[in-house]
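Quick notes on the structure that follows.
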Amino acid sequence: MRNGTKMLLLTAIVLAGAACLLFRGAEGTNAAPALAATDSGAPAAMVLFPVSNQPNSGAMGMKPVVFNHKLHESTVQECESCHHTGDPVACSSCHTVEGKKDGNFVTLDRAMHADNIIQRKGARTPQSCVSCHEKRYTERRECSGCHAVVTPKRDAAWCAVCHTGVEGMSATQTADALAGKMDPDVNEALAQQAVDSKKPVQYADPGAMALKVKIGTLVDKYEANVFNHARHVNSIMKRISGDKLAQAFHSTRETLCQTCHHHSPASVTPPKCVSCHAPGIDKQNPGRPPLKAAYHLQCMGCHDGMNVKRPAKTDCTGCHKERVAQKGGSK
Amino acid sequence: MNRRKFLAFLGSASVVTAAGVTTTATPAKAGVHTFPYYPESYGVLHDTTRCVGCRRCEQACNIVNKLPKPEKPFTDTSVCETRRRTSAKQWTVVNKYTMNGKPVFRKLQCFHCNDPACASACFAKCFTKQPDGSVQYDGTQCVGCRYCMIACPFYAPGFQYDEAWDPLVQKCTFCKPRLDKNELPGCVEACPMEALTFGRRTDLIKVARARIASNPEKYLDYIYGEHDAGGTAWMVLAPANPKGPKVPPENPALAGPELKQLGLDTHLGNQPMGELTYGALGAVPMIVSFWPVLFGGAWAMTKRREAMYKAEQEKTVREAREDVTAAVDAVVRKIQETEGDGAADRARKAMAEALKARDDAAAKHGEDA
């Protein structure tokens, strides 16, 4: 099985190399302007400003969103996924800050963020940005492991992933945009500049982390488990390496670490599990799993989410070797 | 006293008796119950979303309680497929259920009710709710009627059917001996997933609520056992249906169909089972107090009837004897008139002898004079 995976990987690498050689010229031209014309003819990128029913509400609660239309178009494929009426118009033409009749009084906020959308019967169920992103990270295997354990916290950093604002936009341009009078070409140019300047976060180097971790909590019954830390980290990083959604939302270099090393400040040298999870009952924190359960809940939670079939959850010796009797271990 | 009056009397008497009897089963004062009875009592929260069906709890239970070795080893998880019940030899079992198409495992054992139905049904008072939260069984007075097994809404107690002499009821003891030594119950300690969380019942309810609140997609918003059957020390959290509509919080009617798939009944109500039966069962000991009156009355009536019969008989005999004496006198007088005094004396004597001989013969045959 493992050999098979290796073979597949090797083949993939070879093919990728060949593709690189073949299309080097094309890639070279792509590098400078990241955005070319979209298939649909829509602007490749745009800055989304809140649109109000009032002529100029003046206030703007959130920073505007830079939306990479080309990227979304190529990933989602179907225009109707987002343009749910079938008419490819701007979201804010129906969904305004206050909501209006054309949009069935669904506000702009809900149209972008709703994650509890009722399934329509016999008609297309509209999606919001958030609901579609959620679906992607819960349905795809490479994401669903960690995201079975971790639900993204909706804090300021989470908002700031999309609500980036545009650097170098003048006050008059902002006022124009809020009044809905910004020239689409200027808008696209600003957005393109923001998209180009955006660089994905470099994850922490797996080589600098623990390679193997020896877990000996159950040594009275089983041999200590040697957890291959590096293999787990590498495998996850490799699986999501090309994923734009992951790149956008995994916004710090330690984000990936925080699935397992949760609740402690993000760090490449996090505290050990036992610092918080006592081996026995913890009277101060009755809801906190003891050490043994903490390990099992994390390992199995992720494996479950990724639909890892082996080792079976009930097969103790799949991870912990049975302790040999003559070694003097108590039964 | 007519029938209606008698029943009314019995009813009111039973209420009075029940008030006295309930003190054994419910430490609270008779009257309105308030929960929990023992605020410091312990419980266990069984989170079925965490249970993987490894049967370590069954194994631990078997070892710490020195139960007989089962036919199949505890590593064989295929037995979870059948809906097993707890028995005298298995105080806890883990069964596999299918909830909305997904396998969910649930551990079955005594729920250690706040106000146990088994205790209310037992007329030998074998069951007691302990301040630590456990429901204890003391078999010294057990008569083997198995009313407790019928009363239990969770079918927890098992009976030693293969025990020829003094078979007893057997059920989870909440590992009382271990609790007394400040140790966790065997199953809780063995659980690798913390699917069983031990703690004060009041804390566990908070823990359960926190888990539901932090993961509303994952959990059904219902703590089974918080109020069911009047509240139980062991409580169960169930997974939510990911595709179905969201069940509103703490709604037994709407959570019912979900929990039914997990073999849990939400129709037990939030009233302790015992409260339904204390009145009627409280009258049972009172029947014993009726016995002297009942049997004394029957005895007195029989005696009286006997005395009346005897008096009647004596009267008849006396009358008959008086008749005979009068006839003898008349005969003797007639003889005296016709035959003279000597003949009369002889006749009287002869007749007296004849009567005496007849009486003697009758006495010899056992007849009363």
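Rule-based calculations on the coordinates, nothing more; no lab input. On a predicted model such as this, the values are computed, not experimentally measured, just so you know. Quick reminder, even Gly has a Cβ in these numbers, built from the backbone with ideal geometry, and neighbours come from all protein chains shown.
Note the angle between two axes, namely the Cα long axis of helix B:201-214 and the longest principal axis of the Cα atoms of chain B, as a number of degrees from 0 to 90, rounded to the nearest 10. Orientation of helix B:201-214: about 40 degrees from the principal axis. Amide H to amide H, with H built 1.01 Å from N, residue B:104 comes under 5 Å of B:97, B:98, B:99, counting only residues 5 or more places away or on other chains.
Within the set A:244/B:218; A:212/A:283; A:214/A:292, which residue pairs have Cα atoms separated by over 24 Å? Display every interim value, and only then the final one.
On the way: A:244/B:218 28 Å; A:212/A:283 32 Å; A:214/A:292 14 Å.
Exceeds cut-off: A:244/B:218; A:212/A:283.
Per 0.36 nm of contour for each residue apart, how much would the distance between residue B:321 and residue B:261 grow if the chain were fully extended, relative to their Cα-Cα spacing? Numbers along the way, then the final one.
Working: separation 60, 0.36 × 60 = 21.60 nm, distance 9.04 nm.
Length gained, residue B:321 through residue B:261: 12.6 nm.
Can you give the longest run of chain B that contains no GluC sites (Glu not before Pro) sitting in a DSSP loop with at most 16 other Cβ atoms inside 10 Å? Longest stretch, sites excluded: B:251-366.
Taking 4.7 Å between beta carbons as the limit, the unpaired Cys residues of chain B are B:51, B:54, B:61, B:80, B:113, B:122, B:126, B:142, B:145, B:152, B:175, B:191.
Both radii were evaluated on the Cα set of chain B; the Rg over Rh quotient, with Rh as the Kirkwood radius, amounts to 1.44. Roughly what percent of Cα-Cα pairs across chain A reach past 29 Å? Tail of the P(r) past 29 Å holds 53 percent of the pairs.
Springs join every pair of Cα atoms under 10 Å in this Gaussian network model of chain B, and among B:63, B:223, B:205 the largest mean-square fluctuation is at B:63. Summing Lys and Arg as +1 and Asp and Glu as -1 over all other residues whose Cβ lies under 10 Å from the Cβ of residue B:48 gives a net charge of +2.
The alpha-carbon atoms of region A:34-197, seen along their principal axes, cover 46, 38, 35 angstrom, with the largest extent given first. For residue A:238, the aspartates and glutamates whose Cα falls under 17 Å of its own Cα, not counting residues fewer than eight places away in the same chain, are A:142, A:205, A:254. Each residue of region B:137-142 is assigned a 3J(HN,Hα), and the resulting list reads 10, 10, x, 4, 9, 4 Hz, derived from the Karplus form 6.51 cos²θ - 1.76 cosθ + 1.60 (θ = phi - 60°), x at Gly and Pro. Size of the protein assembly as shown: Rg and Dmax of its alpha carbons, in Å, are 43.9, 177.
GNM on chain B, alpha-carbon springs under 10 angstrom: the most fluctuating residue among B:262, B:237, B:276 is B:276. Computed from backbone phi with θ = phi - 60° and the Karplus coefficients 6.51, -1.76 and 1.60, the 3J(HN,Hα) list for region A:172-180 is 5, 4, 4, 4, 4, 4, 5, 7, x Hz; x is used for glycine and proline.
Using just its DSSP H runs of length 4 or more, each adding -39500 (n - 2.57), the protein assembly as shown gives a mean residue ellipticity at 222 nm of -13500 deg cm²/dmol after division by all residues.
Residue by residue, region B:251-264 carries 3J(HN,Hα) couplings of 10, x, 5, 8, 6, x, x, 5, 6, 5, 5, 9, x, 10 Hz when phi is fed to the Karplus relation 6.51 cos²θ - 1.76 cosθ + 1.60 (θ = phi - 60°); x denotes Gly or Pro.
Once you wrap a convex hull around the alpha carbon atoms of region A:206-329, what is its projected area averaged over all directions, in nm²?
Numbers: hull surface 37.6 nm².
If you wrap the Cα atoms of region A:206-329 in a convex hull and average its projections, you get 9.4 nm².
The length gained by stretching the chain between residue B:306 and residue B:365 to full extension, at 0.36 nm per residue less their Cα-Cα distance, is 19.0 nm.
Comparing B:359, B:162, B:203 in a Gaussian network model of chain B, where Cα atoms under 10 Å apart are tied by springs, the biggest mean-square fluctuation is seen for B:359.
The label point for residue A:210 and the one for residue A:172, both projected 7 Å from the Cα toward the Cβ, are 6.0 nm apart. For region B:109-205, trypsin sites (Lys or Arg not before Pro) are listed when DSSP marks them as loop and at most 10 other Cβ atoms sit within 10 Å of their Cβ; the list is B:181.
Which entries of A:121/A:153; B:176/B:246; B:315/B:356 have Cα-Cα distances beyond 29 Å here? Those over the limit are A:121/A:153; B:176/B:246. Simple spin-label estimate for residue A:11 and residue A:125 gives 3.6 nm between the two label positions (7 Å along the Cα-to-Cβ direction from each Cα). Modelled label positions at residue A:269 and residue A:181, each set 7 Å beyond Cα in the direction of Cβ, lie 5.8 nm from each other.
Using the Cβ-Cβ distance between residue B:100 and residue A:81 with R0 set to 30 Å, the FRET efficiency works out to roughly 0.65.
Distances between placed amide hydrogens fall under 5 Å for residue B:94 paired with B:108, all partners being 5 or more residues away or on another chain.
Determine, for A:321, A:6, the number of other Cβ atoms within 10 Å of each Cβ, and report the residues in order from fewest to most.
A:6, A:321
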